[in-house]
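K.L.:
Okay, handing you the structure first.
Nothing in this text is a laboratory measurement; each read-out follows from the coordinates by a stated rule. Computed from a predicted structure; not experimentally measured. Every residue, glycine among them, receives a Cβ derived from its backbone with ideal geometry; neighbour counts consider all protein chains shown.
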Amino acid sequence: MFEVDEDYSDGLLKYPEIEKAFIGPVERHGRAPVACYSKRDTLDIIQKNFRQTAVQAMDTYEFSILQLDHGEATPMFLDDL
């Protein structure tokens, strides 16, 4: 369902399906920046694009996105609900 943009020229691993929820890079001392997404916008995108209820969108977010592990490059989500 959710794929990773393997050709990331800016050095950030991104999820094309939720591109509009992208906020920007998050910096951490001693580590490479990672992509940061808005949780609120991600849930809205899931509801609209995949025609899901709020509950279904939360399940998709928790099980299909939040649990993805790409090591140090794994994107983060800002809990802006």
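K.L.:
In terms of the Cα gyration tensor, with a ≥ b ≥ c the square roots of its eigenvalues, is the chain rounded because a/c is under 1.5, prolate because a/b exceeds b/c, or oblate?
P.N.:
Note, shape of the chain comes out prolate.
K.L.:
Only Lys, Arg, Asp and Glu count, each charged at its Cβ (+1, +1, -1, -1), so figure out the dipole size of the chain about its Cα centre, rounded to 20 debye.
P.N.:
Values: 8 positive and 16 negative charges, 51 e Å.
Approximately 240 debye in magnitude.
K.L.:
Using θ = phi - 60° and the Karplus relation 6.51 cos²θ - 1.76 cosθ + 1.60, list the HN-Hα couplings for region 16-24 in order, rounded to whole Hz, with x at every Gly or Pro.
P.N.:
3J(HN,Hα) across region 16-24, in whole Hz: x, 5, 10, 3, 5, 8, 5, 9, x.
K.L.:
If the cut-off is 16 Å between C-alpha atoms, which lysines fall inside it for LYS48, apart from same-chain ones fewer than 8 positions away?
P.N.:
Correct list for LYS48: LYS20, LYS39.
K.L.:
Shifting gears a bit: Going by amide H atoms built from the backbone, whose H comes under 5 Å of the H on CYS36, apart from near neighbours?
P.N.:
Hits under the 5 Å cutoff: ILE23, GLY24, VAL26, MET76.
K.L.:
Using R₀ = 30 Å, calculate the FRET efficiency as 1/(1 + (r/R₀)^6) where r is the Cβ-Cβ separation of GLU62 and ASP10; round to 0.05.
P.N.:
Details: r = 27 Å, r/R0 = 0.90.
About 0.65, to the nearest 0.05.
K.L.:
Helix 39-49 against the longest principal axis of the chain: what's the angle in degrees, Cα atoms only, rounded to the nearest 10?
P.N.:
So the helix axis and the longest Cα principal axis differ by about 50 degrees.
K.L.:
Now for a different question. So what is the relative contact order of region 16-78, in percent, for Cα pairs below 8 Å that sit 6 or more residues apart?
P.N.:
36
K.L.:
Can you compute the modelled spin-label distance between GLN52 and HIS29, with each label point 7 Å from Cα toward Cβ, in nm?
P.N.:
Inter-label distance under the simple model: 3.7 nm.
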